[in-house]
Structures are given as structure tokens and as C-alpha cells.
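Peer 1: My structure is below; once you've seen it, I'll send some questions.
The values are calculated or read from the model by the stated rules, or taken from the named source; none is laboratory data. Quick caveat, the model's predicted, so the values are computed rather than measured. Ideal geometry is used to build each Cβ from the backbone, glycine not excepted, and the neighbour counts take in all protein chains shown. Quick note on the areas: whole protein, heavy atoms, side chains included, nothing else; ligands and nucleic acids left out. Shrake-Rupley method; radii C 1.70, N 1.55, O 1.52, S 1.80 Å.
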2 protein chains.
Amino acid sequence: MLEYIVLGMVNYEDMTGYDIKKYIESGISVFYKASFGSLYPILKKLANKGLVAMYESNHGDRKKNYYHITDEGRKAFEIWLETPIMIDDGNGTQLVKIYFYDLLQEDKRRELLIRYRENNVTYLKGLYELEEQYVNTRNKDCYYYKLSVLYYGIRIIKETIKWCDDIIERKDLSEI
Amino acid sequence: MLEYIVLGMVNYEDMTGYDIKKYIESGISVFYKASFGSLYPILKKLANKGLVAMYESNHGDRKKNYYHITDEGRKAFEIWLETPIMIDDGNGTQLVKIYFYDLLQEDKRRELLIRYRENNVTYLKGLYELEEQYVNTRNKDCYYYKLSVLYYGIRIIKETIKWCDDIIERKDLSEI
DNA sequence: CCTGCCATGTAACGAGTTACATGATTTC
DNA sequence: GAAATCATGTAACTCGTTACATGGCAGG
């Protein structure tokens, strides 16, 4: 996952590992955190695979290691980006893809967002079924907080579906 | 984390590894998934630490490995449960603690929930600051989807705060 | 008798964190 | 000249997954 985020970052412009960390912190820290201990090895790995290329650049006297995306890297990133977002993985890590959705063409993006929305609707149905089972089989008083996490899930998925609707229509989110 | 969830499950009643997986699936699958490949080793580890005790029981001819929590295990679980929920870890994994909050006494629970709510409020402020930076420094049109993930974060945190308010007051969540 | 679920486990791997080590450069 | 931040990296570790292996029991 982080591998592709890094690839997506250097896709915008050449960066150092340090830069990438700052970008992640200021952009997708809601979903994802990265430590140097994972970033630097990933950059090396990507370089070995030929998806990025490293070059040294001296800003003043100081030399920094900049990374540049290759054609192959761009292709790999594109494939990842156009793979539908999975919802079944518990934590919404995959959602990070949408951060890069400005790069997609309108019809492709629309298709992917609609699909993601549908997945959420399906998942929501599953949660409602779970709710029914709970309500039928258990003493509500003793299980208030057990049930509450289920309702939390329901609310979050509902909110996610609303958000999908809004960004599909490209509504101005700052006014809502 | 999963270690404590397992501990929490056997705290309710003696269970087999298989049972625990089913309970997790029907209860906290929204936040957490567990595989047998992690469950069974964790049970062994807990047994080695003396936090649970295993015994065999023959249901018919078939023998199953049941796990029973020890006093020490109960204590360890309690300490974990009463440790405030962290919000800074990106994925809301820690939220799973609330699943077990029925076990807490009202005042302790209230204290912990209010604290969690406050942490969310603080986190939300940080997101609004990020928003300001974004809006000031970047071209809104080219960065619609980058901004949208930030707004998603804002909405989710807002929803989480609302949910905290509701469960602190022990509102009936099914009617909302 | 065979399919599907119950039940337990292990080995290899993956993804990322924490803590440490190092040193340069900027800012006060 | 001290402190903060820039900048790069490694080693040990944690936590978990995937895939495999094994076998029992139940219902059609």
C-alpha cells in the first residue's frame, strides 16, 4: 500500500524521502501514517524494481537523494489506481486511492466511485442483518455498548455513501 | 490488540479458538478481522503468560480446546480496558474497546467516553487547520479529490463526536 | 459416500513500527 | 554555541495474513 502512495507522490514531482513524509502528513494522515523506517527501504525497493530512479542533487553544499518516477513506475501506479477500492478490509486504508483521483479521467473516475458506493451499500445491508440478529437474540440492556459499535459502523458507512454521492457530483464540500 | 480482544472474549465465557473467531465476526468485524493463523498462536501465548488456562472438553466424542481466563488475565484485561482510547493511530482500531464498555462502571465509562470525545474535538481542529492551509496554497480545481479526503476525515470525526454524545447519554441508537 | 462445516495448527511471508545511529544545516 | 530541524539509513521486533496440512463430524 505505502509502496503505491510513495509512487503516487513521486508521480507528481521528484522528491526526497523526507519530502514524501511531509506530504503524507499534510495530506492523507487521516488514513495513513508513514515512518522513515518504512519509507527509505520502500524507496530502495522501488528503485531496484525500476519503478523509480534516484539521483543526487546538491541544494547548496548539501546533497539530497531525489527520486524520479519511471515510465514503468507510472504504469504500475496507474494499474493500482484504476483497481476498484475494496471495502472488506476493515480499516478504510484503501480509501487513500481517492486522494489521487484527480489524475483519472472523468468517466473512469465516475465508474470507480459508483462501484465503491455500491460496495458500501452492500456492506451496509450486512450490518443491518447483524443488527437484526443482535436485537433478536440478546438482552439489550446488558449489550448496549456491544450494539453501539455496530451502530457506529452503520453511521460511518451511511456517511461514506453520502460522501460518495457528493464527490461523484463534485459538490463543493466546504459548504456542507 | 487482538491479544486483548481474545482476552475480552474469554472473559465473558470459556471458549475455543473457533468460537472466538465467530464472535469476532458477528460483533466487531467492522473494526477488526481475525484469522486462525493469528488466533491460535495468541491463545498459546496467553496460556504461556498465565493469562488464560486451557482445558480439553469432549462434546460427544470430539475433544475441543476450551480457554478460561485467570485472575491475572482478568486484571490485565481490565487495565487495558481502562486505558484511554487513542485517536492518533490513523485507523480507528482502538475504538474496539467500546465493545467491552458494558463491563465498566458508569462513572469510569463516562470519564473515558468524555475523554475520547475531547480527543476527537482536538483532532478535528487539526483537520480544520489543514483545510485552511490547503485552501490558501493550492488551486482548488486541480485538487478537488485531494481536498475531498480531508473533508471525509472531517465528516467522520464529526459523526464520531455525535456518536460519543449519544452513547454517553445512552440514547436508543436504533431510532436515529 | 461426499460435500460442507467444525476444529486445530504451522511455516513463510508481508507490511510497517520503534529505537537507534549519524551527521549537516539553520535559527535564535 | 545550543537547539531545532533537515536528512538518511539500519536492525530488531510486532502484528498479522495467506496458504497449507490435517482430520472429525453431520446431513443429504
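Peer 1: Report yes if A:Thr83 is within 13 Å of the chain's Cα centre (by Cα), closer than 17 Å to A:Tyr116 by Cβ, modelled with pLDDT under 95 and not in a helix (DSSP H, G or I), otherwise no.
Peer 2: Numbers: within 13 Å of the chain's Cα centre (by Cα): yes; closer than 17 Å to A:Tyr116 by Cβ: yes; modelled with pLDDT under 95: yes; not in a helix (DSSP H, G or I): yes.
The answer is yes for A:Thr83.
Peer 1: Then there's this: Go through A:Lys125, A:Lys146, A:Lys108 for me and flag whichever is under 21 Å from B:Ser26 (Cβ atoms) and more than 9 Å from chain B (Cβ to nearest Cβ). Spell out the reasoning first.
Peer 2: Details: A:Lys146 fails: more than 9 Å from chain B (Cβ to nearest Cβ); A:Lys108 fails: under 21 Å from B:Ser26 (Cβ atoms).
On inspection, the qualifying residue turns out to be A:Lys125.
Peer 1: Sticking with this structure for a sec: Report the residue count in the range B:151-176 for those that are at the interface with another protein chain (Cβ under 7 Å from one of its Cβ atoms), aliphatic (A, V, I, L, M) and within 20 Å of B:Tyr128 (Cα to Cα).
Peer 2: Total meeting the criteria: 1.
Peer 1: Answer yes or no: is there a residue in the range B:111-123 that is outside any helix (DSSP H, G or I) and surrounded by 12 or more Cβ atoms within 10 Å (Cβ to Cβ). Break it down stepwise before answering.
Peer 2: Filtering the range B:111-123 for residues outside any helix (DSSP H, G or I) gives none.
Scanning the range B:111-123, I find no residue that is outside any helix (DSSP H, G or I) and surrounded by 12 or more Cβ atoms within 10 Å (Cβ to Cβ), so the answer is no.
Peer 1: Okay, next question. Which count do you get for residues in the range A:41-58 that are surrounded by 15 or more Cβ atoms within 10 Å (Cβ to Cβ) and within 9 Å of DNA strand C (Cβ to nearest atom)?
Peer 2: 1
Peer 1: Please enumerate the residues belonging to the range B:9-33 that are within 15 Å of DNA strand C (Cβ to nearest atom), more than 10 Å from every other protein chain (Cβ to nearest Cβ) and either within 20 Å of A:Lys158 (Cα to Cα) or in a helix (DSSP H, G or I) (or both).
Peer 2: Result: B:Met9, B:Val10, B:Gly17, B:Tyr18, B:Asp19, B:Ile20, B:Lys21, B:Lys22, B:Tyr23, B:Ile24.
Peer 1: Which residue out of B:Glu56, B:Glu78 is in a helix (DSSP H, G or I) and acidic (Asp, Glu)?
Peer 2: Working: B:Glu56 fails: in a helix (DSSP H, G or I).
None of the others qualify; the one that does is B:Glu78.
Peer 1: Here's something else I'd like to know. Within the range A:68-85, is there a residue that is open to solvent by 60 Å² or more (accessible area, probe 1.4 Å) and at the interface with another protein chain (Cβ under 7 Å from one of its Cβ atoms)?
Peer 2: For the range A:68-85, residues open to solvent by 60 Å² or more (accessible area, probe 1.4 Å) and at the interface with another protein chain (Cβ under 7 Å from one of its Cβ atoms): absent.
Peer 1: B:Lys64 passes all but one of (1) of a type in the set (Lys, Arg); (2) within 13 Å of another protein chain (Cβ to nearest Cβ); (3) not in a helix (DSSP H, G or I); which number fails?
Peer 2: (2)
Peer 1: For B:Leu130, work out the one condition from (1) open to solvent by less than 20 Å² (accessible area, probe 1.4 Å); (2) in contact (Cβ under 8 Å) with a residue 12 or more places away in the chain it doesn't fulfil.
Peer 2: (1)
Peer 1: Still on this structure, please answer the following. Please indicate, with yes or no, whether at least one residue in the range A:22-40 is modelled with pLDDT under 95, charged (D, E, K, R), within 18 Å of the chain's Cα centre (by Cα) and within 9 Å of DNA strand D (Cβ to nearest atom).
Peer 2: yes
Peer 1: Can you tell me how many residues in the range A:167-176 are surrounded by fewer than 17 Cβ atoms within 10 Å (Cβ to Cβ) and in a helix (DSSP H, G or I)?
Peer 2: 3
Peer 1: Inspect all residues belonging to the range B:88-105 and state whether any of them is open to solvent by 20 Å² or more (accessible area, probe 1.4 Å) and more than 9 Å from every other protein chain (Cβ to nearest Cβ).
Peer 2: yes
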